[in-house]
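Here's the structure we're looking at; comments come further down.
The values are calculated or read from the model by the stated rules, or taken from the named source; none is laboratory data. Remember, it's a predicted structure, so these values are computed and weren't measured experimentally. Note that each Cβ is placed from the backbone with ideal geometry, even for glycine, and that neighbours are counted across all protein chains shown. Accessible surface areas use protein heavy atoms only, side chains included; no ligands, DNA or RNA. Shrake-Rupley method; radii C 1.70, N 1.55, O 1.52, S 1.80 Å.
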Amino acid sequence: MDDDPEASDTKKILESFGYSVPYVTSTVKDAIDKTCDLLPDIILMNLCLEDEFRGIHAEATEVKKELEKLRIPLLYLTTDSEDVKTSKDLLTSSYGCLIKPYDVAELKYAIELVIYKDKIKKEYEKSKNYYKTIFEHTGTATVIIEEDTIISLANTEFEKLSGYPREEIEGKRSWTEFVEKNDLIKMREYHSLRRINADSAPLIYDFQFINREGTVKNIHLDIGMIPGTKKSVASLLDVTERINAFEEIRKLYETERKARADANNAKEEISMVLERISDSFVALDNNWHYTYVNEKAAEHFGKTTEEMVGNHIWTLFPEGIDQPFYKAYHKAMEEQVFIHLEEYYAPYDRWFENDIYPSKDGITIFFKDITERVKMREELLFKTALLEAQLESTIDGILVVDDNGRSILYNQRFGEMWNIPPEILDSKDDKKMIECVLNQLRYPEIFIQKIEYLYANKSENSLDEIEFNDGKVFERYSSPLIDSNGDYGGRIWYFRDITELKKSQEAVRRSENKYRGLFDHAADGIFLMKGDTFIDCNKKTLEIYGVTRDQIINKTPYAFSPELQANGESSREKAFEHINKALAGYPQHFEWIHRRLDGTPFYAEVSLNRVKIEDEYLIQAIVRDVTDRKKSEEIEKENIKLKELDQLKSMFIASMSHELRTPLNSIIGFTGIILQGMTGEITDEQRKQLNIVKNSAQHLLALINDVIDLSKIEADKVELIIEDFDLSSVIMEIEQSFMDAVERKGLKMSVKMPESLPMNGDERRTKQVIMNMVSNAVKFTDKGKLTISIEKNDEFIEISVKDTGMGIKEEDQSKLFQAFSRIQSEDQPLVEGTGLGLYLSKKIAKLLNGDIKVKSQFNVGSEFIFILPVIYTKPEVIP
Amino acid sequence: MKKILIVEDNEDNMYLIGFIIKKRGYDVIEARNGREGVELAGKETPDLILMDIQLPDFDGLEATRKIRKSDNASDIPIIALTSYAMAGDRQQTLNAGCNGYIEKPINPNTIMDEIEKYL
């Protein structure tokens, strides 16, 4: 019963072991129907079936009932190790549980174990039923007596004899309770003798039996031991009536002698008494003539009393001459002794018991057909021996207890496994036995609970594991013994030492868990294919393909590929080719476009390798989703392009710096020479025009320089030249260079600073920033003054350039430091510039570990403050 | 009369710088490439060398190093003519053995002040 596709594989495996697997189904209903028809020896059932009877629920309800009726063993299969615990706790009728994926050998072992257990159990029940039937129908009160004299089994005849119902006898009463005080000594003698040597004890005893009502009965006891055990079987023959009758006869004979006259009456009286006796009974005179034959005896011989009385015994039964009975009769007659004889009587092919009592004028013989009893005893001995042999030959420790929980049978292995000293085993004292066992166990409470539970729920089976303090593990299986009438007759316990099995299972499981863990948590999709069919996969595979397990197992890779691969080849053909090559032993590595069930494609790198699992070649595939890598490869390509472009840009700038500046060199240089008058006098008009040329050239140069700076800063290629310098002299130089421009605009410029301001940093860059600040102040101020001032503490220098210019609106202040931003107001003419000045200044200030801040009020003026560390420290490079 | 060697491959620049220096009353020796510059430095032993850095054969840095290793020209002051874009090179020129540098494009108003610092 398995809905798993592996079921058909399991079928194959089982068939290879020589089992016939007539039916595989995935539904419980179907299984129940088929089970009734097919009557299999074992049913394998998956706990996780997909219909209305799911797993354990199914067990608990329909299946259990149905299958229990049929008495067919069930072996559960499950994928979840949690189920094993559940199955052991709840599925008491289970014979075990096998966790998937299981080893083939494990499966075989489990099945054989179940079949073996079931066989033993059934044979035991059969054998028990068999002898129990005989036992019941011997017609003689019979009991099985344990070594400690407790009666463990009694039949109906014994119930009648004792006056107690069986429940009050079995396991509860010692048979000695029924023995009259004076006879106890010889009965005890029997027990002590047979303890020394079973054969040394006499087999026949006569004693007085006292039943429940206190009535005394004369018992002829036939007792003997069951070979190989400490049990005795005892047949109790009630001879009370017989002895009474004999007494009567004796008295009558005496009376006869005294009063022959009353002989006729007396005879009548005798026969009245004798006819009441249930035994067959004859009396012979000295001449071997029958003087009395009771009805029962006549019936026995198939004759009437009249036909026999007065006739010679050996004339009537010539076939009896020289039989054992013939000799016994003669002996009793001649030697005047009592003889008890149990013998086979060949002419009738039956066994008889004779009690021969001598008298002066002949002998009296009580006889009884004991064929059944003898047969019973032989059968019992034979069966018991067979069973014992079976028990001893198994690897399991076996204990059979009766329905009162008393042990009635155990094998040697049981004692060995549990380390129970022989004297405790022999004592049959279950309390001592349990006590002896408990201190070896890790969970003694659970052990006891289970026993109590099973004695309270007599029809339950159970399977569990018992852990020992020393690490041993036993499997404990218990099953009730139920006879053909459906009556409970005790319980059989099997104990198997599975320590080694557990250890190896544990080792396998641990290594399996390890590999399963590696498998499941691998960063790549890993799956197994049988041919081109997925048979197992890890979690990552499901994630990559965007599927559930059910959606992928038993599918082919084509189901997850577009029709064509990137190069236009058919996915199906190409995949087939790769798989075949891999199966031929050539590992395959390739890129593959997959398609998820939702249609989205993904790029994967696939490796196929052939692996051999259980004599079968499978393909292990490793799939790595490289969509991201593909993307990053594309980005990488883009990056390379961008880098190339960037290089082009750098080359362009380098070239520009050289090529654009060379002509500027001439323009600026020669206009300068001419303006200086080195080449002769020039007119005012010429001077004016040449100045325009010179200024334009200077502006162009500034623009080029800014662009170059910008590209360098953005490429992080600015090289600072750090040295000690005097900031005051730098500012003085700046003041000098702007003197003309300031005067030309009619402005005033004041500088407030100490005479000397030594600091450490990049002089040129510092100057560039301050120049830019002053240049801006000059540019944007039409009247008023410029103030350059310096404040200094131990760490920082603040260079402030303050003007009384147009100022900057608050909303524009944030744009100040952006590249190419030029703040323009409608009422102001455009002031020339690159729009890069402040942007660059800010960048440079940051490079120098400083900053630039602005305070401005529109139409009032602006103040730019350049903050610089007194000593430049190289920022730590974060790699 | 003091002699100034100008090593410069660009004709216009050579003319411009030479013009300014001659106007100031110095003799000018012209070299069009590094090799020539090194040769003339040893042969003419000028009082100062103006060395352009970007030259067609070996560059001004190498020429400077060669002059510094030469027998009779190793003490002559050398001023590098650097371009603004090569700002990072400025330190290199000093490392190579230059005494100072003048940025191109030159300023005719100030170039002689720069030069005369080293004479």
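Points to keep in mind about this one:
- Lone qualifier among B:ILE29, B:ILE6 - being away from chain A (no Cβ under 14 Å) and part of a strand (DSSP E or B): B:ILE29
- Of everything listed in (1) farther than 24 Å from A:MET771 by Cβ; (2) touching a Ser or Thr at 6+ places or on another chain (Cβ under 9 Å); (3) free of Cβ contacts under 8 Å to residues at least 40 places away in the same chain; (4) away from chain B (no Cβ under 12 Å), the single unmet condition for A:LYS688 is (2).
- Conditions (1) in contact with a Ser or Thr (Cβ under 9 Å, 6 or more places away or on another chain); (2) within 14 Å of another protein chain (Cβ to nearest Cβ); (3) touching a residue at least 24 places away in the same chain (Cβ under 8 Å): number failed by B:ASN72: (2)
- Residue count for the stretch A:778-794, restricted to those that are within 16 Å of A:ASP726 (Cα to Cα) and among the acidic types (Asp, Glu): 2.
- Boolean, A:ILE619 is among the β-branched types (Val, Ile, Thr) and at pLDDT below 85: no
- Within the stretch B:39-52, at least one residue is part of a helix (DSSP H, G or I), more than 11 Å from every other protein chain (Cβ to nearest Cβ) and surrounded by 19 or more Cβ atoms within 10 Å (Cβ to Cβ).
- First in the stretch A:799-810 and over 7 Å from A:SER862 (Cβ atoms) and modelled with pLDDT of 90 or more, second anywhere and assigned to a loop (DSSP other than H, G, I, E, B) and among the polar types (S, T, N, Q), Cβ under 8 Å, 6 or more apart: A:THR804/A:THR781
- Output for the stretch A:759-782, where each listed residue is open to solvent by less than 10 Å² (accessible area, probe 1.4 Å), farther than 17 Å from A:TYR839 by Cα and among the polar types (S, T, N, Q): A:THR781
- Some residue of the stretch A:713-733 being facing chain B (nearest Cβ under 8 Å), surrounded by 13 or more Cβ atoms within 10 Å (Cβ to Cβ), modelled with pLDDT under 90 and in contact with a Pro (Cβ under 8 Å, 6 or more places away or on another chain): no
- Selection count where residues are assigned to a helix (DSSP H, G or I), open to solvent by 20 Å² or more (accessible area, probe 1.4 Å) and at pLDDT below 90, scope the stretch B:69-112: 6
- A:PHE738 satisfies every condition listed in (1) open to solvent by less than 40 Å² (accessible area, probe 1.4 Å); (2) within 20 Å of A:GLU795 (Cα to Cα); (3) in contact with a strand residue (DSSP E or B) (Cβ under 9 Å, 6 or more places away or on another chain) except (2).
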